[in-house]
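Notes to accompany the following structure.
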Amino acid sequence: QVQLVESGGDLVQAGDTLRVSCSASGSAFSWYAGGWFRQAPGSEREFVASISRFGDYTNYADSVKGRFTISRDNARNTVDLQMSSLRPEDTAVYYCAASLDYDTAPTMRMDFLYWGQGTQVTVSS
């Protein structure tokens, strides 16, 4: 069983860069593909980015491609999401998730078994 904790959420200005981090405990993060989802007020939780177990594959939502970068450091049991050129529409609670899918970077919520508590990212204009 793996436990996930997000950190780094903040209130920032449009155009700023922010990095949120996900730290795993209880099990090595290298057993899992990692993902980031977000949920804005009144909206469904949506896929943002994912990375395979060894970092060889990544996927991004069209809305963030070219602006966000997902990475992982299995030695530190972390998966990070660097967000650049932030927009007010990026405002959401950002959730880290882990999947047992092998050698893929899944994009569907149902593929992720374990979830963190979320961290708030607010982008003001």
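Numbers below:
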read-out: Output for the stretch 74-115, where each listed residue is open to solvent by less than 10 Å² (accessible area, probe 1.4 Å) and either within 12 Å of E6 (Cα to Cα) or assigned to a strand (DSSP E or B) (or both); value: V79, L81, M83, A92, Y94, C96, A97, A98, S99
read-out: Options V12, V5; residue that is in a strand (DSSP E or B), out of contact with any Lys or Arg (no Cβ under 9 Å at 6 or more places or on another chain), of a type outside the set (D, E) and open to solvent by 50 Å² or more (accessible area, probe 1.4 Å); value: V5
read-out: For G55: the one exception among (1) within 25 Å of A14 (Cβ to Cβ); (2) within 14 Å of the chain's Cα centre (by Cα); (3) part of a loop (DSSP other than H, G, I, E, B); value: (1)
read-out: Residue in the stretch 15-48 that is surrounded by the most Cβ atoms within 10 Å (Cβ to Cβ), counting only those that are of a type in the set (V, I, T) and either more than 13 Å from Q82 (Cα to Cα) or out of contact with any Gly (no Cβ under 7 Å at 6 or more places or on another chain) (or both); value: V48
read-out: The stretch 47-61 residues that are charged (D, E, K, R), paired with ones that are surrounded by fewer than 20 Cβ atoms within 10 Å (Cβ to Cβ) (beta carbon under 9 Å, 6 or more apart); value: R53/S30; R53/W31; R53/N74; R53/D101; R53/Y102; R53/D103; R53/T104; D56/D103
read-out: Hits in the stretch 55-73 - residues which are open to solvent by 40 Å² or more (accessible area, probe 1.4 Å) and at positive phi; value: G66
read-out: Of the criteria (1) closer than 26 Å to G15 by Cα; (2) under 15 Å from the mean Cα position of the chain (by Cα), which one E44 fails; value: (2)
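The values are calculated or read from the model by the stated rules, or taken from the named source; none is laboratory data. This is a predicted model, so every value here is computed, not measured. Cβ atoms come from the backbone with ideal geometry, glycine included; neighbour counts cover every protein chain shown. What goes into the accessible areas is simple: the full protein's heavy atoms, side chains included, and nothing from ligands, DNA or RNA. Shrake-Rupley method; radii C 1.70, N 1.55, O 1.52, S 1.80 Å.
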